[in-house]
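J.: The structure's right below; bear with me while I get my questions together.
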Amino acid sequence: MRCIETEETRMKSRTLLECTVDLSQPAPELAAVITAVLAYHPESQADILRALDYEIGTALATLDKEAAGDGASDI
């Protein structure tokens with residue numbers, strides 16, 4: 001993973017973190033991105049992780065539901 005911090009100076013000032021992710025290693029690469037983002041928000045880490053937990057849980061539930069639906073037709 002490679003991340004670059006940039007600041008835009010248009011109407012609003014904001015800090016951006018641009019990351020290049022090696023898709024052949026998705027889990028460790030995503031973990032590194034999450035760690036990099038959390039470093040910028042020490043007081044919001046728990047909230048960010050809870051939001052990610054919700055999104056991941058929703059995605060897993062959808063996959064489980066789809067897998068259960070696929071298996072039902074084999075009975």
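J.: Hey, what angle do you get for helix 45-72 against the long axis of the chain, alpha-carbon based, 0 to 90 degrees rounded to 10?
T.: For helix 45-72, the angle is close to 20 degrees.
J.: Restricting to DSSP H runs of at least four residues, report the calculated mean residue ellipticity at 222 nm for the chain, -39500 (n - 2.57) per run over all residues, nearest 500 deg cm²/dmol. Intermediate values should be presented prior to the final figure.
T.: Numbers: 2 runs with 42 residues, N = 75.
Calculated from helices alone, the mean residue ellipticity at 222 nm is -19500 deg cm²/dmol.
J.: Taking 35 Å as R0, compute the FRET efficiency from the Cβ-Cβ separation of GLU43 and ASP70 and round it to 0.05. Present the calculation step by step, with values, prior to reporting the outcome.
T.: Values: r = 43 Å, r/R0 = 1.24.
Calculated value: 0.20.
J.: Let me ask another. Check each of the trypsin sites (Lys or Arg not before Pro) in the stretch 1-57 and keep only those in coil by DSSP with at most 10 other C-beta atoms within 10 angstrom; list them in order.
T.: Details: sites: ARG2, ARG10, LYS12, ARG14, ARG50; in loops: ARG10, LYS12.
Here the trypsin sites (Lys or Arg not before Pro) that fit, given the DSSP loop and packing criteria, are ARG10, LYS12.
J.: Would you pull out the residues with amide H under 5 Å of CYS3's amide H, same chain only if 5 or more places away, H placed 1.01 Å from N?
T.: Amide H neighbours of CYS3, under 5 Å, 5+ apart: THR20.
J.: Taking 0.36 nm per residue of sequence separation and subtracting the Cα-Cα distance, how much length would be gained by fully extending the chain between ALA36 and LEU60, in nm to one decimal? Intermediate results must be reported in sequence, preceding the final value.
T.: Numbers: separation 24, 0.36 × 24 = 8.64 nm, distance 2.39 nm.
Taking ALA36 through LEU60 to full extension adds about 6.2 nm, to one decimal.
J.: Another question about this same structure. Gaussian network model of the chain, Cα springs within a sub-10 Å range: biggest mean-square fluctuation belongs to which of ALA61, ALA36, ALA51?
T.: Result for the chain, Cα springs under 10 Å: ALA61 fluctuates most.
J.: So between ASP53 and SER24, what do we pick up on full extension, going 0.36 nm a residue minus the alpha carbon distance?
T.: Details: separation 29, 0.36 × 29 = 10.44 nm, distance 2.27 nm.
That pair, ASP53 and SER24, stretches by 8.2 nm at full extension.
J.: Within a Cβ distance under 14 Å of ALA59, other residues only, what is the Lys/Arg minus Asp/Glu net charge? The partial results should precede the final answer.
T.: Numbers: positive: LYS65; negative: ASP53, GLU55, ASP64, GLU66.
Here the charged neighbours net out to -3.
J.: GNM, the chain, Cα, under 10 Å: largest mean-square fluctuation among ASP22, ASP53, ASP64?
T.: ASP64
J.: Also, I was wondering about something else. For the pair THR15 and MET1, how long in nm is the line joining their label points, each one 7 Å along Cα→Cβ?
T.: The answer from the label model is 1.6 nm.
FYI, it's all coordinate maths here, none of it is from the lab. Note that the coordinates shown come from a computational prediction; the quantities given were computed from them, not determined experimentally. Cβ sites come from the backbone with ideal geometry, for glycine too, and all protein chains shown count toward neighbours.
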